[in-house]
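**Q** Before I ask anything, let me first share the structure, which is written out below as structure tokens.
The values are calculated or read from the model by the stated rules, or taken from the named source; none is laboratory data. The model shown is predicted, which means the values in this text are computed figures rather than measured ones. Glycine also receives a Cβ, built like all others from the backbone with ideal geometry; neighbour counts cover every protein chain displayed. Calculation scope for accessible area: heavy atoms of the full protein, side chains included, ligands and nucleic acids excluded. Shrake-Rupley method; radii C 1.70, N 1.55, O 1.52, S 1.80 Å.
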Amino acid sequence: QVQLVESGGGLVQAGGSLRLSCAASRSTSSFLTMAWYRQAPGKQRELVASLTSRGTTNYADSVKGRFTISRDNAKSTVYLQMNSVKPEDTAVYYCSVYFSGATYWGQGTQVTVSS
């Protein structure tokens, strides 16, 4: 079992920055894949960014060059640095990890970008 707790969401103006954190109940070095997803009202949940245990990253086209996923194994935390945010980035952001054959999710954190 893995527990994930997101934090760092809030209200930010367009063009600003925000850093989301996802604290895990076990070391992030044990996860094959870590990822951030988001779900806007009336839309399906979509992948924002992912990071494998080997350090390979993948980003949605809509956030490339603006968002960065990273991890701190010593703190068992996964981050999503969000720069140059846009109103269309408004959504609930979820942390997800793949561990021992199962996918685990956090409870989500709301990000609202004002224009």
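**Q** Give or take rounding to whole Å, what are the principal axis extents of the alpha carbon atoms in the range 1-111, in descending order?
**A** Between the extreme Cα coordinates on each principal axis of the range 1-111 lie 37, 26, 22 Å.
**Q** Normalised by the number of residues in the range 1-85, what is the relative contact order in percent for Cα pairs under 8 Å and 6+ residues apart?
**A** The normalised contact order for the range 1-85 reaches 34 percent.
**Q** Determine ³J(HN,Hα), in whole Hz, for all residues of the range 54-69 in sequence, where each value follows from phi through the Karplus function 6.51 cos²θ - 1.76 cosθ + 1.60 and θ = phi - 60°; x replaces Gly and Pro.
**A** These are the phi-based 3J(HN,Hα) values: 8, x, 6, 10, 9, 10, 5, 4, 5, 10, 4, x, 10, 10, 9, 9 Hz.
**Q** Could you go through the range 78-84 in sequence order and give the Karplus-derived ³J(HN,Hα) for each residue, using 6.51 cos²θ - 1.76 cosθ + 1.60 with θ = phi - 60°, rounded to whole Hz, and x for Gly and Pro?
**A** With coefficients 6.51, -1.76 and 1.60, one gets 10, 10, 9, 8, 10, 10, 6 Hz.
**Q** What does the charge dipole of the chain about its Cα centre add up to, to the nearest 20 debye, if the Cβ of each Lys and Arg holds +1 and the Cβ of each Asp and Glu holds -1?
**A** Charge dipole, the chain, about its Cα centre: 160 debye, nearest 20.
**Q** Still on this structure, please answer the following. Could you work out what % of the accessible surface of the range 46-90 is carbon and sulfur, using a 1.4 angstrom probe and leaving DNA, RNA and ligands out of the count?
**A** 43 percent
**Q** Report the full-extension gain for the segment Ala74 to Ser62: residue separation times 0.36 nm, less the Cα-Cα distance, to one decimal in nm.
**A** The Ala74-Ser62 span can extend by a further 1.3 nm.
**Q** Also: So, for the chain, what is the accessible surface per residue at a probe of 1.4 Å, expressed in square angstrom?
**A** 52 Å²
**Q** Then there's this: Please name whichever of Tyr94, Ala74, Val2 sits farthest to the positive end of the charge dipole of the chain, dipole taken about the Cα centre and charges placed at Cβ: Lys and Arg +1, Asp and Glu -1.
**A** Ala74
**Q** Here's another thing I want to ask about it. What is the antiparallel percent of DSSP beta bridges lying wholly in the chain, to the nearest 5?
**A** Taking every DSSP beta bridge within the chain, about 90 percent pair in antiparallel fashion.
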